[in-house]
Amino acid sequence: MAGFVVHGVPGSPYVRAALLVLEEKSAEYHLAALQLGTLKQEPHLSRHPFGRIPAFEHDGWMLYETQAILRYVDTIVPEPRLQPVDPRAAARMNQVMGITDWYVMPQISRTITFNRVVAPRFGRPVNEEAVKEAIPDARHCIGELARLLDGHDWMAGATLSLADLQLAPHLSMLALAPEGAEILTAHPNLKGWLVRMEARRSMQATTWDRLLDQVKSAA
Ligand SMILES: N[C@@H](CCC(=O)N[C@@H](CS)C(=O)NCC(=O)O)C(=O)O
(Lines give C-alpha, C1' and ligand atoms only; values in the text may rest on other atoms or scores of the structure.)
Protein backbone atom coordinates (compact mmCIF):
# COMPACT_ATOMS: atom_id res chain seq x y z
CA MET A 1 0.00 0.00 0.00
CA ALA A 2 1.25 3.48 -0.86
CA GLY A 3 1.76 6.15 1.78
CA PHE A 4 2.55 5.56 5.43
CA VAL A 5 1.64 2.22 6.97
CA VAL A 6 2.28 1.28 10.59
CA HIS A 7 2.09 -2.46 11.30
CA GLY A 8 1.37 -3.12 14.95
CA VAL A 9 -0.92 -4.17 17.77
CA PRO A 10 -3.18 -1.45 19.23
CA GLY A 11 -2.17 -0.87 22.86
CA SER A 12 1.59 -1.10 22.22
CA PRO A 13 3.39 2.03 23.45
CA TYR A 14 5.99 1.79 20.68
CA VAL A 15 3.32 1.52 18.01
CA ARG A 16 1.57 4.50 19.56
CA ALA A 17 4.79 6.55 19.37
CA ALA A 18 5.00 5.88 15.62
CA LEU A 19 1.37 6.92 15.23
CA LEU A 20 1.92 10.04 17.36
CA VAL A 21 4.58 11.44 15.06
CA LEU A 22 2.27 10.96 12.06
CA GLU A 23 -0.63 12.56 13.95
CA GLU A 24 1.51 15.51 15.04
CA LYS A 25 2.45 16.04 11.38
CA SER A 26 -1.20 15.67 10.31
CA ALA A 27 0.03 12.99 7.88
CA GLU A 28 -2.36 10.39 6.53
CA TYR A 29 -1.50 6.82 7.47
CA HIS A 30 -2.91 3.36 7.73
CA LEU A 31 -2.64 1.24 10.87
CA ALA A 32 -2.29 -2.38 9.74
CA ALA A 33 -3.42 -4.16 12.90
CA LEU A 34 -1.71 -7.40 13.89
CA GLN A 35 -2.65 -10.05 16.44
CA LEU A 36 -0.21 -10.40 19.35
CA GLY A 37 0.54 -14.06 18.61
CA THR A 38 1.65 -13.44 15.02
CA LEU A 39 4.80 -11.36 15.53
CA LYS A 40 7.29 -14.23 15.45
CA GLN A 41 6.05 -15.67 12.18
CA GLU A 42 5.71 -14.69 8.54
CA PRO A 43 4.74 -12.32 7.10
CA HIS A 44 5.73 -10.18 10.09
CA LEU A 45 9.29 -11.51 10.35
CA SER A 46 9.95 -10.23 6.84
CA ARG A 47 8.91 -6.76 8.00
CA HIS A 48 10.73 -7.01 11.32
CA PRO A 49 13.29 -9.83 11.63
CA PHE A 50 13.30 -9.44 15.44
CA GLY A 51 9.56 -10.02 15.60
CA ARG A 52 8.72 -6.75 17.32
CA ILE A 53 6.36 -3.88 16.62
CA PRO A 54 6.04 -1.37 15.06
CA ALA A 55 7.13 -2.09 11.52
CA PHE A 56 6.78 0.88 9.22
CA GLU A 57 6.29 1.26 5.51
CA HIS A 58 6.53 4.32 3.27
CA ASP A 59 5.54 3.80 -0.34
CA GLY A 60 6.61 0.19 0.02
CA TRP A 61 9.97 1.01 1.66
CA MET A 62 10.31 -0.77 5.01
CA LEU A 63 11.79 0.43 8.29
CA TYR A 64 11.74 -0.77 11.89
CA GLU A 65 13.01 0.58 15.25
CA THR A 66 10.84 3.34 16.64
CA GLN A 67 13.56 5.97 17.03
CA ALA A 68 14.49 5.52 13.36
CA ILE A 69 10.83 5.79 12.35
CA LEU A 70 10.29 8.98 14.36
CA ARG A 71 13.41 10.63 12.94
CA TYR A 72 12.56 9.56 9.38
CA VAL A 73 9.04 10.97 9.55
CA ASP A 74 10.32 14.17 11.12
CA THR A 75 12.83 14.56 8.28
CA ILE A 76 10.54 13.92 5.36
CA VAL A 77 7.49 15.75 6.77
CA PRO A 78 9.26 18.82 8.07
CA GLU A 79 6.41 20.74 9.75
CA PRO A 80 6.12 21.03 12.69
CA ARG A 81 9.77 20.35 13.35
CA LEU A 82 10.18 17.86 16.22
CA GLN A 83 13.98 17.73 16.56
CA PRO A 84 15.51 20.80 18.20
CA VAL A 85 18.38 22.63 16.51
CA ASP A 86 19.94 23.80 19.75
CA PRO A 87 22.65 21.22 20.58
CA ARG A 88 21.73 20.90 24.25
CA ALA A 89 18.01 20.60 23.59
CA ALA A 90 18.77 17.98 20.91
CA ALA A 91 21.03 16.11 23.33
CA ARG A 92 18.29 16.13 25.98
CA MET A 93 15.81 14.79 23.43
CA ASN A 94 18.21 11.99 22.47
CA GLN A 95 18.93 11.24 26.12
CA VAL A 96 15.24 10.86 27.02
CA MET A 97 14.67 8.66 23.95
CA GLY A 98 17.57 6.47 25.11
CA ILE A 99 16.20 6.33 28.65
CA THR A 100 12.83 5.26 27.28
CA ASP A 101 14.37 2.34 25.39
CA TRP A 102 16.91 1.24 27.97
CA TYR A 103 15.17 1.84 31.30
CA VAL A 104 11.48 2.75 30.92
CA MET A 105 10.66 -0.18 28.63
CA PRO A 106 12.42 -2.95 30.58
CA GLN A 107 12.01 -1.58 34.10
CA ILE A 108 8.50 -0.12 33.89
CA SER A 109 6.52 -1.15 30.80
CA ARG A 110 7.55 -4.80 30.73
CA THR A 111 6.97 -5.16 34.46
CA ILE A 112 4.40 -2.90 36.13
CA THR A 113 2.47 -1.81 33.04
CA PHE A 114 2.42 -5.22 31.39
CA ASN A 115 1.10 -6.95 34.49
CA ARG A 116 -1.33 -4.29 35.63
CA VAL A 117 -2.65 -2.90 32.33
CA VAL A 118 -1.85 -5.22 29.40
CA ALA A 119 -2.12 -8.74 30.85
CA PRO A 120 -5.61 -8.27 32.33
CA ARG A 121 -6.90 -6.93 28.99
CA PHE A 122 -5.53 -9.92 27.09
CA GLY A 123 -6.66 -12.39 29.78
CA ARG A 124 -3.05 -13.26 30.60
CA PRO A 125 -1.86 -14.17 34.12
CA VAL A 126 -0.61 -11.34 36.33
CA ASN A 127 2.83 -11.74 37.89
CA GLU A 128 2.44 -9.94 41.24
CA GLU A 129 6.04 -10.66 42.20
CA ALA A 130 7.35 -8.95 39.05
CA VAL A 131 5.28 -5.85 39.88
CA LYS A 132 6.59 -5.72 43.44
CA GLU A 133 10.19 -6.23 42.40
CA ALA A 134 9.98 -3.51 39.73
CA ILE A 135 8.88 -0.71 42.05
CA PRO A 136 12.32 0.52 43.26
CA ASP A 137 13.71 0.73 39.70
CA ALA A 138 10.52 2.34 38.45
CA ARG A 139 10.71 4.94 41.23
CA HIS A 140 14.32 5.66 40.33
CA CYS A 141 13.55 5.93 36.62
CA ILE A 142 10.55 8.24 37.09
CA GLY A 143 12.52 10.37 39.54
CA GLU A 144 15.27 10.82 36.99
CA LEU A 145 12.86 11.77 34.20
CA ALA A 146 11.28 14.33 36.53
CA ARG A 147 14.73 15.72 37.35
CA LEU A 148 15.58 16.05 33.65
CA LEU A 149 12.22 17.69 32.86
CA ASP A 150 12.83 20.13 35.71
CA GLY A 151 10.59 23.18 35.18
CA HIS A 152 10.26 22.83 31.40
CA ASP A 153 7.04 22.23 29.53
CA TRP A 154 8.53 19.50 27.32
CA MET A 155 11.31 16.97 27.67
CA ALA A 156 13.76 18.84 25.45
CA GLY A 157 12.80 22.26 26.84
CA ALA A 158 10.43 24.84 25.40
CA THR A 159 9.03 22.88 22.45
CA LEU A 160 7.55 19.45 21.87
CA SER A 161 10.07 16.95 20.47
CA LEU A 162 10.36 13.30 19.50
CA ALA A 163 11.32 12.55 23.12
CA ASP A 164 7.84 13.52 24.32
CA LEU A 165 6.25 11.34 21.66
CA GLN A 166 8.38 8.33 22.49
CA LEU A 167 7.99 8.58 26.25
CA ALA A 168 4.33 9.59 26.64
CA PRO A 169 2.76 6.28 25.55
CA HIS A 170 4.73 4.44 28.24
CA LEU A 171 3.89 6.86 31.07
CA SER A 172 0.28 7.19 29.95
CA MET A 173 -0.12 3.43 30.53
CA LEU A 174 1.93 3.43 33.72
CA ALA A 175 -0.45 6.02 35.20
CA LEU A 176 -3.28 3.48 34.84
CA ALA A 177 -1.58 1.11 37.28
CA PRO A 178 -2.15 1.94 40.97
CA GLU A 179 1.60 1.53 41.64
CA GLY A 180 2.41 3.82 38.70
CA ALA A 181 -0.06 6.49 39.78
CA GLU A 182 1.47 6.42 43.25
CA ILE A 183 5.03 6.76 41.91
CA LEU A 184 4.02 9.67 39.65
CA THR A 185 2.32 11.50 42.52
CA ALA A 186 5.72 12.35 43.98
CA HIS A 187 6.59 14.34 40.81
CA PRO A 188 4.05 17.09 40.04
CA ASN A 189 6.16 18.44 37.16
CA LEU A 190 6.10 15.07 35.37
CA LYS A 191 2.40 14.65 36.12
CA GLY A 192 1.81 18.11 34.63
CA TRP A 193 3.76 17.09 31.53
CA LEU A 194 1.61 13.96 31.22
CA VAL A 195 -1.56 16.06 31.50
CA ARG A 196 -0.24 18.33 28.70
CA MET A 197 0.56 15.29 26.59
CA GLU A 198 -2.81 13.61 27.19
CA ALA A 199 -4.55 16.83 26.10
CA ARG A 200 -2.92 16.76 22.66
CA ARG A 201 -5.07 15.77 19.72
CA SER A 202 -2.44 13.21 18.71
CA MET A 203 -2.70 11.39 22.05
CA GLN A 204 -6.48 11.47 22.01
CA ALA A 205 -6.55 10.03 18.49
CA THR A 206 -4.32 7.10 19.46
CA THR A 207 -5.76 5.74 22.71
CA TRP A 208 -6.02 1.96 22.83
CA ASP A 209 -9.83 2.12 22.48
CA ARG A 210 -9.73 4.67 19.65
CA LEU A 211 -7.30 2.47 17.72
CA LEU A 212 -9.46 -0.63 18.24
CA ASP A 213 -12.50 1.33 16.97
CA GLN A 214 -10.49 2.53 13.98
CA VAL A 215 -9.40 -1.04 13.15
CA LYS A 216 -12.96 -2.35 13.58
CA SER A 217 -14.50 0.28 11.32
CA ALA A 218 -11.83 -0.32 8.63
CA ALA A 219 -12.52 -4.09 8.60
N1 LIG B 1 13.49 -1.49 19.92
C2 LIG B 1 12.15 -1.67 19.44
C3 LIG B 1 11.28 -2.13 20.59
C4 LIG B 1 9.87 -2.41 20.16
C5 LIG B 1 9.15 -3.31 21.14
O6 LIG B 1 9.75 -3.89 22.06
N7 LIG B 1 7.84 -3.44 20.95
C8 LIG B 1 7.09 -4.37 21.79
C9 LIG B 1 5.64 -3.89 21.91
S10 LIG B 1 5.49 -2.39 22.84
C11 LIG B 1 7.05 -5.72 21.14
O12 LIG B 1 7.24 -5.84 19.94
N13 LIG B 1 6.79 -6.76 21.93
C14 LIG B 1 6.63 -8.10 21.42
C15 LIG B 1 7.71 -9.01 21.91
O16 LIG B 1 8.58 -8.59 22.66
O17 LIG B 1 7.65 -10.17 21.52
C18 LIG B 1 11.65 -0.35 18.85
O19 LIG B 1 12.15 0.71 19.23
O20 LIG B 1 10.79 -0.38 17.96
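The values are calculated or read from the model by the stated rules, or taken from the named source; none is laboratory data. Because the structure is a prediction, the values reported are computed rather than measured. Virtual Cβ from ideal backbone geometry, glycine too; neighbours counted across all protein chains shown. The area values use the complete protein model at the heavy-atom level, side chains included, leaving out ligands, DNA and RNA. Shrake-Rupley method; radii C 1.70, N 1.55, O 1.52, S 1.80 Å.
For the full complex of protein chains and a 1.4 angstrom probe, list Tyr14, Tyr103, Tyr72 by accessible area with the highest value first.
On the way: Tyr14 35, Tyr103 110, Tyr72 55 Å².
Most to least solvent-accessible, the answer reads Tyr103, Tyr72, Tyr14.
Ignoring ligands, DNA and RNA, what accessible area per residue does segment 108-183 give at 1.4 Å, in Å²? Don't jump to the answer; show the numbers that get you there.
Values: 3310 Å² over 76 residues.
Each residue of segment 108-183 exposes 44 Å² on average to a 1.4 Å probe.
Under 5 Å between amide hydrogens, which residues at least 5 positions from Ala32 or on another chain qualify, with H placed 1.01 Å from N in the peptide plane?
Those lying under 5 Å, H to H, from Ala32 are Val6, His7, Gly8.
Tell me, what is the per residue accessible area of segment 1-67 in Å², probe radius 1.4 Å? Write down the numbers at each step before the final one.
Working: 2980 Å² over 67 residues.
Counting only protein heavy atoms, the per-residue value for segment 1-67 is 45 Å².
Would you list which lysines come within 23 Å of Lys132, measuring only between C-alpha atoms, while excluding same-chain residues fewer than 8 positions from it?
Partners within reach: Lys191.
Could you please state how large a percent of the accessible area of segment 1-124 is carbon and sulfur, counting protein chains only and using a 1.4 Å probe?
Numbers: 3350 of 6020 Å².
Roughly 56 percent, rounded to a whole number.
So what J values fall out for segment 14-22 if you push phi through Karplus, 6.51 cos²θ - 1.76 cosθ + 1.60 with θ = phi - 60°, rounded to Hz, Gly and Pro as x?
5, 4, 4, 4, 5, 5, 4, 5, 5
Can you list the HN-Hα couplings for segment 131-146, worked out from phi with the Karplus curve (6.51, -1.76, 1.60; θ = phi - 60°), rounded to whole Hz and with x for Gly and Pro?
So the J values, rounded to whole Hz, are 5, 4, 5, 7, 4, x, 5, 5, 4, 4, 5, 5, x, 5, 4, 5.
Of the accessible area of segment 173-219, with the probe set at 1.4 angstrom, what percent is carbon plus sulfur? Display every interim value, and only then the final one.
Values: 1560 of 2570 Å².
So the carbon and sulfur contribution to the accessible surface is 61 percent.
Need the list of lysines near Lys25 for cross-linking: C-alpha distance under 20 angstrom, and skip anything on the same chain fewer than eight residues off.
none
Could you tell me the center-to-center distance, by alpha carbons, between segment 146-219 and segment 65-105 in angstrom?
If we compute the Cα centre of each part, the gap is 16 Å.
Report the net charge of residues surrounding Asn115, where surrounding means a beta-carbon distance below 12 angstrom and charges are Lys +1, Arg +1, Asp -1, Glu -1.
Numbers: positive: Arg110, Arg116, Arg121, Arg124, Lys132; negative: Glu128, Glu129, Glu133, Glu179.
Overall, the nearby charge balance is +1.
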